[in-house]
There are 2 protein chains.
Amino acid sequence: MQQYFVNGNAEQLVTIEDKDTIKHMFNVMRLTEGDEVVLVFDDAIKRLAKVADSSAHQFEVLKELDSNVEMPVQVTIASGFPKGDKLDLVTQKATELGAAAIWAFPADWSVVKWDGKKLAKKEDKLAKIALGAAEQSKRNRVPEVRLFEKKAGFVVSLSDFDKIFIAYEESAKAGELSALAQHLQTVQAGQKLLFIFGPEGGISPKEIETFEKAGAIKVGLGPRIMRTETAPFYALSAVSFATEMMGK
Amino acid sequence: MQQYFVNGNAEQLVTIEDKDTIKHMFNVMRLTEGDEVVLVFDDAIKRLAKVADSSAHQFEVLKELDSNVEMPVQVTIASGFPKGDKLDLVTQKATELGAAAIWAFPADWSVVKWDGKKLAKKEDKLAKIALGAAEQSKRNRVPEVRLFEKKAGFVVSLSDFDKIFIAYEESAKAGELSALAQHLQTVQAGQKLLFIFGPEGGISPKEIETFEKAGAIKVGLGPRIMRTETAPFYALSAVSFATEMMGK
């Protein structure tokens, strides 16, 4: 069944205000009176709802659904600005793979320069991709999308996390393969995890130092070299496997 | 260092015959006498080599390198033909994530129809993508790319595998999350694993029955709904995590 995220709190009668949502509901899906959808409000609970008045874009909320597909831990991925549209792919797939937030920051070795206006436009586009992917993958929450204009702002945010991992190619090359698995054994439900990924050129030694001072740990993600946009898929899948699939 | 796959066996002096490889070596990378690269022959061993004669495209093999990044198990992913160019992305990322083979077959609910000539062209394109991705991710082997024209051919090949998993959305919805983790605990080095993924519309009940008769097991890949092209990334990452990262 089609799912939509709606800003605000659940009430018995809800009027949809968001233009893109209205367009998808009534032009693309051609919903009419009595048609049922799933609505997800700010409380992240899925609710069955039916169209009460299609011209007024009004729904009657019928009941809460018992479906929570969010990971037991909140995983944020943060990429050094990669080239081109790679963040589009990262955002869509990371949303499907369960990310709580998708961040990016201007890394020392990022080639692209995104300034205020361009950055805001890009963030807006990525937020739409995350919303669409969250609806398709039946998430309870839309991942936060955040592009930092300055690296300093990103570094300040590091203190919000319980564990910070740096995806580090050299660790993989050196045969270091167990650190991530060991750390994931100790995470507890509700904890906030951050994975930091370099841009195409990697993470600079100075950045490594900064992140390590903030408590970050270098980890390998298997022995193979992955492109910058592929490594987050591995990290999110590994966290899901370790926290959602093992020992269940 | 740049890596290239070369057909044939290693000898002390090697002349490169493949036109695309020659072009990349001497036009794109502009290699000259004395420049070093890594060559990987049919035996999957990486060897350091240096240009002996650039106009003759000849290399001198210097020594074997101790680098094997192949998974301890051989994982084949098989997708029901998906729409558009999705197999391009699957092939590139699955190669980076360590797949031994990337297969696709005409599933009951595949929308696209690829006939003999188109299929051959597509397979050729995907093989080139796999080769490029295998060189970039420093694999020891190039994954096999194989598009089955008839599903019967695919079904016959099922007997080659030690374990067959069907990525099954309904298993995930029903809360079945542990089967894959349990099975991955029992796999042994050298075993051949197959993961079957449906096209956009999913796998038909008749196909499920056929695959189960051949010994396949339905498994969920986490509780979220993934697009058909995303599920292989999860499966490959999970196998890597279970067989390469845990207990090391």
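Panel values: region B:13-110, Kirkwood radius from alpha carbon pairs, Stokes-Einstein at 20 °C and 1.002 mPa s, translational diffusion coefficient 133 µm²/s. For the rotational copy relationship between B and A, the axis lies nearest to a chain B beta carbon, identified with its distance in whole angstrom as B:Ser237, 2. Working from Cα pairs under 8 Å separated by at least six residues, relative contact order for region B:159-241 is 48 percent. When +1 charges are put on Lys and Arg Cβ atoms and -1 charges on Asp and Glu Cβ atoms, the dipole computed for region B:3-64 relative to its Cα centre reaches about 200 debye.
When the helices of chain A are scored as -39500 (n - 2.57) per DSSP H run of n ≥ 4 and the total is divided over every residue, the value at 222 nm lands at -8500 deg cm²/dmol. Considering all different alpha carbon pairs of region A:3-64, the Kirkwood hydrodynamic radius works out to 11.3 Å. With each pseudo-label sitting 7 Å past Cα toward Cβ, what's the B:Lys151-A:Thr186 distance in nm, one decimal? About 5.0 nm, to one decimal. Roughly what % of Cα-Cα distances in the protein assembly as shown sit above 37 Å, to the whole percent? The answer is 32 percent, as a whole percent.
Would you mind counting up the charge near A:Lys192? Only other residues with Cβ under 9 Å from its Cβ, with Lys and Arg at +1 and Asp and Glu at -1. Surrounding charge for A:Lys192 is -1.
For region A:3-64, the relative contact order works out to 38 percent when only alpha carbon pairs closer than 8 Å and six or more residues apart are counted.
Within the shell of other residues whose beta carbon sits under 11 angstrom from the beta carbon of A:Asp43, the net charge comes to +1, with Lys and Arg scored +1 and Asp and Glu -1. Directionally averaged projected area (chain A, Cα convex hull): 14.2 nm². Beta bridges from DSSP with both residues in chain A: antiparallel share about 35 percent, rounded to the nearest 5. Inter-chain Cβ neighbour count for B:67-80, averaged per residue, equals 1 (cutoff 10 Å, partner chain atoms only). Highest mean packing first, where packing is the average number of other Cβ atoms within 10 Å per residue, the peptides B:103-110, A:89-96 line up as A:89-96, B:103-110.
The relative contact order of chain B comes to 21 percent, based on Cα pairs under 8 Å that sit 6 or more residues apart.
Counting only DSSP beta bridges whose two residues both lie in the protein assembly as shown, roughly 35 percent are antiparallel. Taken residue by residue and averaged, Cβ atoms of other chains lying within 10 Å of the Cβ of A:216-225 number 6.
Look at the dipole of the protein assembly as shown built from charges on Cβ: of B:His57, B:Gln191, A:Ala44, the Cα furthest out on the positive end belongs to B:His57. Can you give me the C-alpha center-to-center distance between region A:30-90 and region B:146-225, rounded to a whole angstrom? Region A:30-90 and region B:146-225 have Cα centres spaced 29 Å from each other. Given +1 at the Cβ of Lys and Arg, -1 at the Cβ of Asp and Glu and no other charges, the dipole of region B:74-245 around its Cα centre is 380 debye to the nearest 20.
All of the numbers you see were taken from the coordinates with simple rules; none came from a lab. For clarity, every value in this text was computed on a predicted model and none was experimentally measured. Quick reminder, even Gly has a Cβ in these numbers, built from the backbone with ideal geometry, and neighbours come from all protein chains shown.
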